[in-house]
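Reading through the structure tokens given below for one structure.
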Amino acid sequence: MNRYYYDLHLHSCLSPCGDDDNTPNNLCGMASLLGINILALTDHNTTKNCPAFFTAAKRYGIIPVAGMELTTSEDIHVVCLFEELDDAMRFGDYVETKRYLVKNKPDFFGRQQILDGDDNLLSEEEYLLSNATMISIEEVYSAVKDYRGIAYPAHIDRDANGIIAILGAIPPDTEFRLFELHDGERIEEYSKAYSIPAENFIISSDAHVLTDMREKENYFDLDDEPYSSAKVRKELFRILDRRNSENR
């Protein structure tokens, strides 16, 4: 059993609001400097930089998690994480069919760069990634589960794109049991207000620039013997699945 510090929500230069310096290698290099062990890439409505991210993570000794920050039809942000890269890519293909195709304006919204594992530019996403999809908040939990992933509302303590800010509360019949907070100091407040077990909060940075990535603080204690990144990732998802199931 060893302690693994995590950040399960950050953006690369593929997200239009992500800084151009947020390349897969820079993200993993910064995580290494900060003492982060497990890192999830969660670009807006796409997983296209996840393959490059996995390559970079291996170079820096980071355990990568493939993910996405999906924007629902209500404009609510939901973190979607996958144990296997292939499942994440298949989910990304599915989300492609649920996007509204509005051409990006790089000078206004920002560039959307798809890179390889050495941070070389492969292409740029033509259509804006940050707008709402056709997937509703009622649909996203089961949609992600269909691709063997885990979904939970992002930054519920924020006004912008948070489930509470948009719906006024967490719906009592919601399927979600895990929730992300941006501010870890507010766990007790939100636990009491919404009857959510403290262990069901995930604290992540939602970093869009390298300087917003955080020093190691939040962690999971994971059984990692015999060690491999796949083993650690599997154990992480086992714990997330358990918390997602036991507290229903």
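The values are calculated or read from the model by the stated rules, or taken from the named source; none is laboratory data. These numbers come from a predicted model, not from an experiment. Because the Cβ atoms are built from the backbone with ideal geometry, glycine has one as well, and the counts that use them run over all protein chains shown.
Just a few scattered comments:
- In the stretch 103-126, the condition of being aliphatic (A, V, I, L, M), closer than 15 Å to S15 by Cα, out of contact with any Asp or Glu (no Cβ under 7 Å at 6 or more places or on another chain) and part of a loop (DSSP other than H, G, I, E, B) is met by no residue.
- When each of L181, L236, L210 is tested for being out of contact with any strand residue (DSSP E or B) (no Cβ under 8 Å at 6 or more places or on another chain), closer than 14 Å to D7 by Cα and of a type outside the set (S, T, N, Q), the lone residue that passes is L210.
- Of the residues making up the stretch 1-33, those that are among the aliphatic types (A, V, I, L, M) and within 23 Å of K234 (Cα to Cα) number 5.
- Selection count where residues are touching a strand residue (DSSP E or B) at 6+ places or on another chain (Cβ under 6 Å) and polar (S, T, N, Q), scope the stretch 24-44: 2
- Residue that is surrounded by the most Cβ atoms within 10 Å (Cβ to Cβ) [pool: residues in the stretch 165-202 that are touching a residue at least 60 places away in the same chain (Cβ under 8 Å) and of a type in the set (D, E, K, R)]: E180
- Qualifying residue in the stretch 70-86 (condition: out of contact with any strand residue (DSSP E or B) (no Cβ under 9 Å at 6 or more places or on another chain) and among the small types (G, A, S)): no
- Within the stretch 140-164, the residues that satisfy the criterion of being surrounded by fewer than 23 Cβ atoms within 10 Å (Cβ to Cβ) and hydroxyl-bearing (S, T, Y) are Y141, S142, Y147.
- Count of residues meeting criterion [touching a residue at least 12 places away in the same chain (Cβ under 8 Å) and either acidic (D, E) or under 19 Å from D87 (Cα atoms) (or both)] in the stretch 118-138: 6
- K234, sole failed condition from (1) crowded, with 19+ Cβ neighbours inside 10 Å; (2) of a type outside the set (A, V, I, L, M); (3) under 23 Å from L27 (Cβ atoms): (1)
- Yes/no for R177 being touching a Lys or Arg at 6+ places or on another chain (Cβ under 8 Å), within 24 Å of H11 (Cα to Cα) and charged (D, E, K, R): yes
- Of the residues screened, Y194 is one that is over 27 Å from P64 (Cβ atoms) and more than 15 Å from the chain's Cα centre (by Cα).
- Set R111, R148, R90, R158: member being over 19 Å from G67 (Cα atoms) and within 18 Å of the chain's Cα centre (by Cα): R158
- So H182, is it out of contact with any Lys or Arg (no Cβ under 7 Å at 6 or more places or on another chain) and either basic (K, R) or at pLDDT 95 or above (or both): no
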